[in-house]
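The values are calculated or read from the model by the stated rules, or taken from the named source; none is laboratory data. Nothing here was measured: the structure is a model prediction, and the numbers come from that model. All Cβ positions, glycine included, derive from the backbone under ideal geometry; neighbour counts span all protein chains shown. For accessibility, only protein heavy atoms count, side chains too; no ligands or nucleic acids. Shrake-Rupley method; radii C 1.70, N 1.55, O 1.52, S 1.80 Å.
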Amino acid sequence: MTARLAPMFEACGAQQRAALIGYLPAGYPTVDDSRSLLYAMLDGGCDLVEVGVPYSDPVLDGPTIQAAADAALRGGVRLRDVLSVVESIAGAGGRAVVMTYWNPVHHYGVDAFARDLAAAGGLGVITPDLIPDEAQDWLAAARAHDLDRIFLVAPSSTDQRLAMTASVTRGFLYASSVMGVTGARDVVSGTASELVGRAREHAPGLPVGVGLGVRNGAQAAEVAAFADAVIVGSAFVTAAADGGPPAVRALAADLATGVRRPAPQPA
Amino acid sequence: MVCIQPVAPTTAQPDARGYFGHYGGRFVPEALIAALDELTTAYTDARSDPKFTARLNGLLADYAGRPSPITEAPSLSEHAGGARIVLKREDLNHTGSHKINNVLGQALLTERMGKPRVIAETGAGQHGVATATACALLGLQCVVYMGEVDTQRQALNVARMRLLGAEVVPVTTGSRTLKDAINEALRDWVTNVDTTHYVLGTVAGPHPFPVMVRDFHRVIGLEAREQMLARYGRLPDAVTACIGGGSNAIGIFHPFLDDPAVRLVGFEAAGDGVDTGRHAAALSAGAPGMLHGALSYLLQDSDGQTVEAHSISAGLDYPGVGPEHSWLKDTGRAEYRPITDAQAMDAFQLLSRTEGIIPAIESAHAVAGALQLGAELGAGALLLVNLSGRGDKDVDTAVKWFDLLEGQP
Ligand SMILES: Cc1ncc(COP(=O)(O)O)c(C=O)c1O
């Protein structure tokens, strides 16, 4: 079956531009506020939102997202709230995938989660601490409920692992631009384009998104020059904290301009 | 003479993906897989390299002071229903605990992999001190992550690490204890994995850590088994140890796995009591889940969020446990029981006063467990207790605790 995200990449391709993907944790600062923030993201020009599941031990996240996840958990957000946020976005015509560390899904029941996410209108799941080697039950559930499975690759991934990971990925391959945790950075590292190049060799036709560190339109333009999607997380969390939905909408608009004018060289 | 075979092949091995039955695996970001594969290869090569084994055994003997003796504790035994209690004296190792066994092995592996920098987490500070020590010895750069709560209750060990030249980074996220120190160490590792080896201090974490750390600690049980046979002409009826992540326990249990008459009993930290919810008893009261890279018993809520652990003992204050223990629990080969803060502190004081040995509060949980078990098994039973560390670091905590209860300094 074709990827749930294929129409999005086709539409962006027709416009000869990269897709813009924005992340925010559900329940931050409250469940209702996170709905408004995610709407603002879509409104400002994001093609897809990643709805984050706040988790107690986010080892791939830097201080910004950790603090937001902590705040959301203190506010009492539950996994069923995450599903309801996805449902709201899908109901309003937006595209949403879920980004989650694996234990909450494991505990909920992998098939049950896939079923409930699909029913809520979610399109797939990004799994930062689940590698394909451990994902037998998730792959089966994703197939059964027609969800995209978005795995991560890193600059340290060998060619063999890149090929293996790409072969089970559907939707897009998530390339970490640097070795490290999430957090806005001043420069987009050169390792990202090299990683995307290697991924394309092993998986021609599979879209590749680049995340970790992008925070403004100029950086988005740089990444858009070599990737199929630009993924922005921490910068949205910071914008949400500083200025709520208007700031999030403005950042999305700046980034959306960036992905429409790819710059081959650092701006 | 006790023969030391820390890297001798073992009988119970995980499968190729690091699973002990259902437990283990690698639930970590892809970015770390290359380093875990590199470590697996380096460790596999080292195990069969006589030069590596000779160097490690040399350090264990001449630097760490192995073999550690066994000491019979007759006055303590009077409080144990007449059962005879024998202590395996890991507290007498250089740096004061069993942790040095694993650290020397991993430090040599770090050298072998050509990495100049080492990071570690620590709870009680014993693993941090051991790592700082090995790094001083081998000329490696050393950064230790330690929860802020633990830097306060184990301040002596913070000072020791700094004296040894290590950088100690207090961790202020989450529960500010061992769990969060491991999170920070993993974040550092993801960022600096090219130059850095993560010396994980227990049998938890992604494959190959649980099997590798276990193998480095098997020396405890290998020695103790021979020592018991030599002195008593028989094996003990039961072997006890405390369980944090489970490294000292698996080290002493493992060489007895194929002796079905020997009961293996691990004692977890029950804090205020398992029914209060304020405890660290993952095997007694948890359910399988992923934390820090492995699937194992875990304290978690109904949404799969890790629950904060509570224990007076910084080294046991951890909501997870190594995967091999989960498997030993499910198969019934080992039993796991809870010991409260109060029970552990009673045993801490009792061992100090009856035998002149001040144990680490971690190890006091194993002593308290042996007293219980002795009462159940009765006179004639022979119990082997892993005394995993010494209590110098815990004097502050003890002063506060006994003040509170008895008004005595
Ligand atoms: C003396 C001592 N015993 C036991 C432990 C618990 O660790 P493990 O269960 O891995 O032996 C620690 C940890 O800090 C320790 O310092």
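Structure above, values below:
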read-out	value
Residue-wise HN-Hα coupling along segment A:94-104, computed from phi with Karplus coefficients 6.51, -1.76, 1.60 (Hz; x: Gly, Pro)	x, 9, 9, 10, 9, 10, 8, 5, 7, 4, x
Which of B:A181, B:Y198, B:I220, positive extreme of dipole for segment B:153-243 (C-beta unit charges)	B:I220
CD proxy at 222 nm, helix term only [per DSSP H run n ≥ 4: -39500 (n - 2.57); per residue of the protein assembly as shown; nearest 500]	-14000 deg cm²/dmol
Other-chain or far-sequence residues with amide H under 5 Å of A:I131's (modelled H)	B:V28
Drop in accessible area of at least 40 Å² in the complex versus isolated chain, residues of segment A:150-182, 1.4 Å probe	A:S156, A:R161, A:M179
Solvent exposure of the protein assembly as shown as accessible area per residue, Å², 1.4 Å probe	33
Net charge dipole size for chain B [Lys, Arg +1 and Asp, Glu -1 on Cβ; Debye, nearest 20]	920
Total formal charge among the other residues, if their Cβ is under 12 angstrom from that of B:Y297, Lys/Arg +1 and Asp/Glu -1	-2
Efficiency of FRET from Cβ geometry, B:S302 and A:Q16, R₀ 60 Å, rounded to 0.05	0.80
For segment A:127-181 and segment B:367-397, distance of Cα centres in Å	47
Within-13-Å neighbourhood charge of B:L76 [Cβ basis; K, R +1; D, E -1]	-2
Percent antiparallel among DSSP beta bridges (both partners in the protein assembly as shown, rounded to 5)	20
Compactness relative to 2.2 N^0.38 Å, alpha carbon Rg of segment A:6-258	0.91
Stretch gain in nm, segment B:T41-B:R112, where the contour uses 0.36 nm per residue and the Cα spacing is subtracted	24.5 nm
Stretch in chain B that is longest and holds no trypsin sites (Lys or Arg not before Pro) that DSSP places in a loop and that have at most 14 other beta carbons within 10 Å	B:18-233
Accessible area buried between chains A and B, both sides summed, probe 1.4 Å, in Å² to nearest 100	2800
Segment A:6-258, accessible surface, carbon-and-sulfur percent (1.4 angstrom probe)	51
Computed over chain A: relative contact order in percent, which uses C-alpha pairs under 8 Å that are six or more apart	22
